[in-house]
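As structure tokens, the structure follows; a few thoughts come after it.
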Amino acid sequence: MPSIELRARQSLALTPRLQQSVRLLQLSALDFQQELRTALDTNPFLEYDSSETEDVALADPDSGEEASALPAANSLAPAEPDGVPAESAAGNSLESPAQDDVPADFSGDYGSRNSTRQNGDGDGSDPAEWARSQPTLREQLHDALRLYRLDDHDRAVARFIIEALDEDGYLRQSLADLAASVDIEPALTEEELLVALRLVQSLDRPGLGARSLSECLVLQIDALPADTPGREVARQLAAHHLERLARREQAELQKQLGCSAEELRVACALVRKLDPKPGNCYGRAEDNYVVPDVIVRQVRNKWVVSINPAVQPRARIHRMYAQLFAESAGASHSPLAQQLQEARWLIRNAQQRFDTIQRVAECIVAHQKAFFQYGEIALKPMVLRDVADELGLHESTISRATGNKYMATPRGIFEFKHFFPRELGTESGGTCSAAAVRALLKEMIAAENTRDPLSDVTLAKMLADQGVLVARRTVAKYRHLMKVPPAELRRQF
């Protein structure tokens, strides 16, 4: 028979506020900014704070006691007590005020600075110098085209050819298709497009604007001095015998070209030095999407970590709306009460997010000081548990705080995960990081004889001579991660 039974049991559940805190922590900088923008657009109790106030008084909504002003990333103000905003309009700002140990030349967005340097540091203290953007292929060609005196029609045709190039610098469409795709008067002819193409091919690097790999290589060979050894044979190779060259049909190539083995060797070496994708030497727009969460700089011989001001959208509780809502009758039962509570949670969780990221970043910098001085070869083995134990946080929290987070350093922009290399054993019983081993391999390969490149077995033996014990397959894996071809493909005749 059906019966009713009452049982008591314990279970762990995440409150909505804790769920939001966990979700915000694992977001990237761009996703977090989008989250705050969405909240500003949908929650009437949040407003954008355009004030430049640097010292703000915070209030704790739970205790009703005022808190002291917090510096930098800690300035993400919690909500005010009893649902009423603090007297200061900037009291709940997500803005980062200045701090004593952060250089004063930061203002606004990452990469910008005041005209006067106030920290007295040496060269390299401007973060914009660490991540300079290169001009794209089309920007470079358009700039070069401005130096030519052309009428409006010819200049427009040349610009049309530039825009038709792909990222590798090739013109993949035929001239006939290009002429048919443009609806202008008078109609373009293939001869006009060919003249414009020849102009574009001469604007910058040889090989740009080629319609095939063969033409790209021929353009580069034609740009070499006339007395370059093997130039004529290399031109014939690039123009007519690339497939045989790829199959290494040496005897057949000698027969077709009517040259000696030595002349063929010199020509093959010349062809292999050419760039099959000249457009890759320019900047690309999609490479600039990474926004660093923290900035690491050396100030007075000390490494200082600060939150990037550009990733902190300014938001605060709307003072007037919150006060009117608190004074209204039946405010606690209104649907708007939930939105006010969500606004409080968002500001407090945003503060906690930046606090956690900065603490983790400071711990990473403290463990990896040698990296900032000497580079990849000085990276020490480190795991998430090391940071979790030092900060007193759970390992899963450290994982969320390091996922999709980036650090701007004088050596470039790195993901937080980059500073957690795997541990490898050494002959002396010590340890070294996998990143240091990759740096050693890169140095060995850079110094090898190109006519007799080092094999994976030889590289493993050379590492063993330096006390690093790794297997051949490990060397092959690291070489593949560095995008270095095997020895037989690195050999130059």
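Take the conditions at pLDDT 90 or above and small (G, A, S) and apply them to A246. Does it pass? First the steps, then the outcome.
Values: at pLDDT 90 or above: no; small (G, A, S): yes.
When the stated conditions are applied, A246 does not pass them.
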Can you name the number of the only condition in (1) surrounded by 12 or more Cβ atoms within 10 Å (Cβ to Cβ); (2) more than 32 Å from the chain's Cα centre (by Cα) that T474 fails?
(2)
Pair list, Cβ < 8 Å and 6+ apart or interchain, from segment 346-365 residues that are without any contact (Cβ under 8 Å) to a residue 40 or more places away in the chain to residues that are crowded, with 21+ Cβ neighbours inside 10 Å:
C363/V387
Filtering segment 141-153 down to residues that are assigned to a helix (DSSP H, G or I) and at pLDDT 90 or above, which residue is surrounded by the fewest Cβ atoms within 10 Å (Cβ to Cβ)?
D143
Out of G207, G258, report the one residue that is surrounded by 13 or more Cβ atoms within 10 Å (Cβ to Cβ) and at positive phi.
G207
Boolean, L224 is at pLDDT below 90, closer than 15 Å to A269 by Cα, surrounded by 14 or more Cβ atoms within 10 Å (Cβ to Cβ) and under 40 Å from the mean Cα position of the chain (by Cα)
no
Among the residues of segment 309-319, is there at least one that is at pLDDT 90 or above, of a type in the set (S, T, N, Q), buried (at least 18 other Cβ atoms within 10 Å of the Cβ) and within 18 Å of Y406 (Cβ to Cβ)?
no
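Results for (1) surrounded by 15 or more Cβ atoms within 10 Å (Cβ to Cβ); (2) in contact with a strand residue (DSSP E or B) (Cβ under 7 Å, 6 or more places away or on another chain); (3) among the acidic types (D, E); (4) not assigned by TED's automatic domain parsing to the domain that holds T38, shown as yes or no for each residue.
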position	(1), (2), (3), (4)
A322	yes, no, no, no
F325	yes, no, no, no
S328	no, no, no, no
H333	no, no, no, no
E342	yes, no, yes, no
W345	yes, no, no, no
R348	yes, no, no, no
Q351	yes, no, no, no
T356	yes, no, no, no
For V304, the lone unmet condition from (1) in the same structural domain as A366 (by TED's automatic domain parsing); (2) in contact with a helix residue (DSSP H, G or I) (Cβ under 8 Å, 6 or more places away or on another chain); (3) among the aliphatic types (A, V, I, L, M); (4) at pLDDT 90 or above is (2)
Grab the strands (runs of 3 or more DSSP E) fully contained in segment 399-493, keeping just those with 1 or more residues being of a type in the set (V, I, T) and modelled with pLDDT of 85 or more.
406-409, 412-415
Among the residues in segment 128-135, are any at pLDDT 85 or above and at negative phi?
no
Cβ-Cβ below 9 Å, separation at least six or inter-chain, first residue in segment 153-170 and among the charged types (D, E, K, R), second in a loop (DSSP other than H, G, I, E, B) and surrounded by 17 or more Cβ atoms within 10 Å (Cβ to Cβ): which pairs?
E167/Y282
Going through segment 32-47 in order, the residues found to be free of Cβ contacts under 8 Å to residues at least 40 places away in the same chain and either of a type in the set (V, I, T) or closer than 20 Å to P292 by Cα (or both) are Q34, E35, T38, T42
Could you tell me which numbered condition V233 fails, if it satisfies all but one of (1) in contact with a Cys (Cβ under 8 Å, 6 or more places away or on another chain); (2) part of a helix (DSSP H, G or I); (3) surrounded by fewer than 19 Cβ atoms within 10 Å (Cβ to Cβ); (4) not small (G, A, S)?
(3)
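The values are calculated or read from the model by the stated rules, or taken from the named source; none is laboratory data. Source: prediction; values computed, not measured. A quick note on method: Cβ atoms are made from the backbone with ideal geometry, for glycine too, and the neighbour counts reach across all protein chains shown.
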